1. Starting from the Cα-Cα distance between Thr229 and Val395, subtract it from 0.36 nm times their residue separation and give me the gain in nm to one decimal.
2. Please state the charge dipole magnitude for segment 1-125, taken about the Cα centre, from unit charges on C-beta atoms (+1 on K and R, -1 on D and E), reported in debye and rounded to the nearest 20.
3. Starting from the Cα of Trp90, move 7 Å in the Cα-to-Cβ direction to define the label point; list residues of segment 1-30 whose amide nitrogen is under 15 Å from there.
4. Order these peptides, 120-126, 80-86, by their mean beta-carbon neighbour count within 10 angstrom, highest first.
Amino acid sequence: MSAGVVCALAAFAAMLAVALFGLSLADASSATPVMPAALAIVCLAVGGSAGFSGGSGGGFLSMGMEGGVRGTPLAVTLVGALVLGLAFFWRLRGRRVTAELLFARAAVASVTWLVLLVVAAPLARGSLHLPDSVTAKLKPGAGGSGGGGLLGGGGGGLLGKLGGADRSSSLSAVDFHTDVAMTVFAGLLWLLVVLALGTLAARRPRFPVRFATGRLRTVVGPVLSATATVVLAVTLSLTLVVTVGAFALGGDNGGKAAGAALLVAPNGVFALLSTGLGASWSFSFEGAMDASSPFGSLLSGLSGGLLGGMTGGSDGGSFTPPHRSMSLADVTGGSLAMRLAVLLCALAVLVACGMLTAARTPVATRRDGTPLSTRSTRAAMTAAQVGLAWSVLLVMAQLFGGPSMTGVMSLGDMPLMNLNARGGADSVTAAVLLGLFTAAASGWVGSVVHDTYRVRRSRRTAKASQRPHATTAPAHHSTP
């Protein structure tokens, strides 16, 4: 029973430690309380969601913002899954595991995890102070006649036309909180999924024969174990390299760069893998006037309108809702060497996954020791396993790894603009198909390479065992 409590506590403590370390490196204490922010990151890491709201003060045209944020910081998620799996199955190594023991330990871990989330989610709330550069643009009365602030200052913006607003007010901070119900539900589901996948992929515990040799475990277990090993090794090692590099090369801002890299580098690794396979990732931010807003038609005819400072508006120009888009393919598209390097890295990861899957898949043999299946059959089976596993993995990374934000900006009590930010693969279908076929081909190559190496090694071993041992022959003397 205590083992279930320990594994849940260890996983939560590891996730919280990573979040705290990343925020401390990034000097987040100057903008928000670190502990509530770290708890919010942990809630997001297990599939929860967060909301934000803020206002600029009183007045008829007081500005407000509210919305929600989704996104999974994969560094925290992967560390939590790794610690949870190791702590849950470590003491079962070499032991004969019964179904009753497995379910009892999982039940205790689930209850402990549920209590931790129920306690932590309500505490994940605080206030985030916006940078001065953002606050200056969100200040209603800022700027000159051209409208350097959010609503345009002086006589050229909306406030200058209408008057009567409190020009000293500014949206300088937003309050954040987590959705407790969503966090608890998603977090409990995350724990059960990790334990279920770990049960299928674990190789050390001695499970009951019927389960250990069952069709589901023999088909799914090797590819799950191989994929988890490759993904964790590649992602965590690259995250460490990027974090250290950002700290060393960032100069005065090295700590902030290292903290950001620690929390978001695994998301970037999945984005690079997806881009290397042809399914480009992008990040977009756009705003659209609310159809019910009475200011919509008015703003479209005013110079230096809403977000004029951020959208590059100038005197005499009309308001245009903001729209920004950045594609990861554009970053690597200018250099053929860079694109080839990303492609080769993605293929190397998939081939390694295929080789490890083939190595961990037991080969059925006849009584004389010859395998029941041919090398082509085993390669096709490995290709199907790796292809399906990586297509599902890329879809999950697209659904949960890409950040998203929705928000509403309002004047007084009236909505003004809808804001939407989204990051992820440009097409889920492309990610599925490219992941399926590319990973399947790489899995086939990895299986062939592994089988070739295994056959050659067995031949060398057989030849070495057949060599006669050197003996000293007795001397024969001839008689005359």
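1. Once the chain is fully extended between Thr229 and Val395, it gains 57.9 nm.
2. Value, rounded to 20: 580 debye.
3. Zone members listed by number: 2-15.
4. 80-86, 120-126
Bear in mind these aren't lab numbers, they're just calculated from the coordinates by the rules spelled out. Model, not experiment: these values are computed from the prediction. Quick reminder, even Gly has a Cβ in these numbers, built from the backbone with ideal geometry, and neighbours come from all protein chains shown.
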